[in-house]
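J.: First the structure, which I've put down as structure tokens, then a few questions once you've had a look.
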Amino acid sequence: MKILVTGAAGFIGSKIASLLAARGDEVTGIDNINDYYDVRLKWGRLSELGIGDGRSDIEWGKTYSSVTYPTLRFQRMALEDKEAIDKLFDEEQFDRVVNLAAQAGVRYSITNPYAYLTSNLTGFLNILEACRNHPVQHLLFASSSSVYGMNTKAPFSEDDKVDAPVSLYAATKKANELMAHSYSKLYGIPATGLRYFTVYGPWGRPDMAPMLFARAISKGEPIKVFNYGDMIRDFTYIDDIAFGSIQCLDQPPVAEQCANHVPFRVYNIGCSHPVKLIDFISEIESALGLKAEKVMLPMQPGDVYMTNADTTKLETEIGYKPRVTLHEGITQFIEWYKSEKNPLK
């Protein structure tokens, strides 16, 4: 199959691109490689894919072939560049699309709101339009557990109301689901949205808790523990997330099996074994063999107290089953963190 992966220099996107290429799919990855966080991680992920040398040597508008995966290519491209997106779809005629590119971050959306409108709304609309004009078998796109916002019922179910977001980031992700549904209804585009719960592992984002904690504890620096450690997260290892995403990609929705005969569906994808933030920190301390100096702080604007995925629907309909325990995942993450592969070491 010919598959487009947007956000291919990202945490989840790079992993999915490598798995698809490893099984023989013809993969085109795109990413704008923005500087929202340290771009050395993005260069490093691309290097792991056989693209570039781990430094800033990727030019706009040029196609790079992987030296690791014969069926993988990469272009530096922004979703909001409608002309470039249309040209790419016209030339490649993709069978399936995995849209993971987006402006990430909850707290960042409070100080930089317009970045989310450009990438998450305009960019996603360009993908939808391209899928309409160059019909694909399946559009898989990233939503987020943040859409549950002020929901207090646990675990979070796809049937719960998601009309009370607490950040602009969450609002754009809910908007993506609504936009995709309308295109599925109007144009028959099979689409699946995945509400990703807290993802961690090697090559993870430096602005997320695992990397922040590992770096600070390693250096003997204090760590910020919000809501005094009383926050619950459904931490899910990157391999489980990537394999589950591909399971979904391989099983497009069928209109006759979906609500109102619209070929659209949304799934939670997480571990379903949420842990308290303070216990997550303890696992990192154990793996590093060091104790953390903790600065206890109140809840931050835009944060939610708990994320807890009910993955029953995904398990029943797709066959998803997370396998990596928190202890195993943190052990593998810390091994990578301390290795020479970590460009931020």
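The values are calculated or read from the model by the stated rules, or taken from the named source; none is laboratory data. Just so you know, these numbers come straight off a predicted model, no measurement behind them. For neighbour counting, all protein chains shown are included, and Cβ atoms are generated from backbone atoms with ideal geometry for every residue, glycine included. What goes into the accessible areas is simple: the full protein's heavy atoms, side chains included, and nothing from ligands, DNA or RNA. Shrake-Rupley method; radii C 1.70, N 1.55, O 1.52, S 1.80 Å.
J.: Determine if the range 36-53 includes at least one residue that is open to solvent by 30 Å² or more (accessible area, probe 1.4 Å), at pLDDT 95 or above and among the small types (Gly, Ala, Ser).
T.: Yes - at least one qualifying residue is present in the range 36-53.
J.: Identify the single condition in (1) surrounded by fewer than 23 Cβ atoms within 10 Å (Cβ to Cβ); (2) modelled with pLDDT under 95; (3) closer than 22 Å to SER14 by Cβ that SER146 does not satisfy, given that it satisfies every other one.
T.: (1) is the only condition that SER146 fails.
J.: Let me ask something else. Can you tell me which residue in the range 276-316 is least open to solvent (accessible area, probe 1.4 Å), limited to those that are among the acidic types (Asp, Glu) and out of contact with any helix residue (DSSP H, G or I) (no Cβ under 9 Å at 6 or more places or on another chain)?
T.: Among those that are among the acidic types (Asp, Glu) and out of contact with any helix residue (DSSP H, G or I) (no Cβ under 9 Å at 6 or more places or on another chain), it is ASP310.
J.: State which residue pairs qualify: first residue within 19 Å of GLY61 (Cβ to Cβ) and of a type in the set (D, E, K, R) and inside the range 3-31, second residue open to solvent by 10 Å² or more (accessible area, probe 1.4 Å) and assigned to a strand (DSSP E or B) in any location, beta carbons under 7 Å apart, and separation of 6 or more residues or different chains.
T.: Between residues of the range 3-31 that are within 19 Å of GLY61 (Cβ to Cβ) and of a type in the set (D, E, K, R) and residues that are open to solvent by 10 Å² or more (accessible area, probe 1.4 Å) and assigned to a strand (DSSP E or B), the close pairs are ASP31/ARG76.
J.: Starting from residues that are touching a residue at least 60 places away in the same chain (Cβ under 8 Å) and either on the phi > 0 side of the Ramachandran plot or among the hydroxyl-bearing types (Ser, Thr, Tyr) (or both), keep the ones in the range 317-336 and report whichever is most open to solvent (accessible area, probe 1.4 Å).
T.: Only one residue tops the list, namely GLY319.
J.: Further question: Which of (1) within 19 Å of the chain's Cα centre (by Cα); (2) assigned to a loop (DSSP other than H, G, I, E, B) does ASN151 not meet, given it meets every other one?
T.: Failing condition for ASN151: (1).
J.: May I ask you to verify whether GLY229 is small (Gly, Ala, Ser), open to solvent by less than 10 Å² (accessible area, probe 1.4 Å) and at pLDDT below 90?
T.: Working: small (Gly, Ala, Ser): yes; open to solvent by less than 10 Å² (accessible area, probe 1.4 Å): yes; at pLDDT below 90: yes.
So GLY229 passes the test.
J.: What number of residues within the range 203-225 satisfy the criterion of being of a type in the set (Phe, Trp, Tyr) and within 16 Å of SER339 (Cα to Cα)? Break it down into steps so the answer makes sense when it comes.
T.: Taking the range 203-225 first, the residues of a type in the set (Phe, Trp, Tyr) are 203, 213.
Next, from what is left, pick out any that are within 16 Å of SER339 (Cα to Cα): 203.
Count: 1.
J.: Moving to a separate point now. Which number in (1) buried (at least 23 other Cβ atoms within 10 Å of the Cβ); (2) closer than 29 Å to PRO202 by Cα marks the one condition that CYS131 misses?
T.: Here CYS131 meets the rest and fails (2).
J.: Considering only the range 160-198, state which residues are modelled with pLDDT under 95 and among the aliphatic types (A, V, I, L, M).
T.: Answer for the range 160-198, where residues must be modelled with pLDDT under 95 and among the aliphatic types (A, V, I, L, M): VAL162, ALA164, VAL166, LEU168, ALA170, ALA171.
J.: Something else: Can you say whether GLY244 is among the small types (Gly, Ala, Ser) and surrounded by 18 or more Cβ atoms within 10 Å (Cβ to Cβ), as far as the supplied structure shows? First the steps, then the outcome.
T.: Working: among the small types (Gly, Ala, Ser): yes; surrounded by 18 or more Cβ atoms within 10 Å (Cβ to Cβ): yes.
So GLY244 passes the test.
J.: Can you name every residue in the range 173-226 that is closer than 16 Å to VAL266 by Cα, touching a Ser or Thr at 6+ places or on another chain (Cβ under 8 Å) and open to solvent by less than 40 Å² (accessible area, probe 1.4 Å)?
T.: Listed by number, the residues that qualify are LYS173, ASN176, GLU177, PRO190, ALA191, GLY193, LEU194, ARG195, TYR196, PHE197.
J.: Another one. Identify the single condition in (1) farther than 24 Å from ILE33 by Cα; (2) within 23 Å of the chain's Cα centre (by Cα); (3) surrounded by 19 or more Cβ atoms within 10 Å (Cβ to Cβ) that ASP250 does not satisfy, given that it satisfies every other one.
T.: (3)
J.: Does the range 15-35 include one or more residues that are within 20 Å of LEU212 (Cα to Cα), surrounded by fewer than 20 Cβ atoms within 10 Å (Cβ to Cβ) and either among the acidic types (Asp, Glu) or in contact with a Cys (Cβ under 8 Å, 6 or more places away or on another chain) (or both)?
T.: Yes, because at least one residue in the range 15-35 is within 20 Å of LEU212 (Cα to Cα), surrounded by fewer than 20 Cβ atoms within 10 Å (Cβ to Cβ) and either among the acidic types (Asp, Glu) or in contact with a Cys (Cβ under 8 Å, 6 or more places away or on another chain) (or both).
J.: Within the range 59-69, does at least one residue satisfy the condition of being in contact with a strand residue (DSSP E or B) (Cβ under 8 Å, 6 or more places away or on another chain), among the hydrophobic types (A, V, I, L, M, F, W, C), open to solvent by 10 Å² or more (accessible area, probe 1.4 Å) and more than 22 Å from THR198 (Cα to Cα)?
T.: Looking through the range 59-69, at least one residue is in contact with a strand residue (DSSP E or B) (Cβ under 8 Å, 6 or more places away or on another chain), among the hydrophobic types (A, V, I, L, M, F, W, C), open to solvent by 10 Å² or more (accessible area, probe 1.4 Å) and more than 22 Å from THR198 (Cα to Cα).
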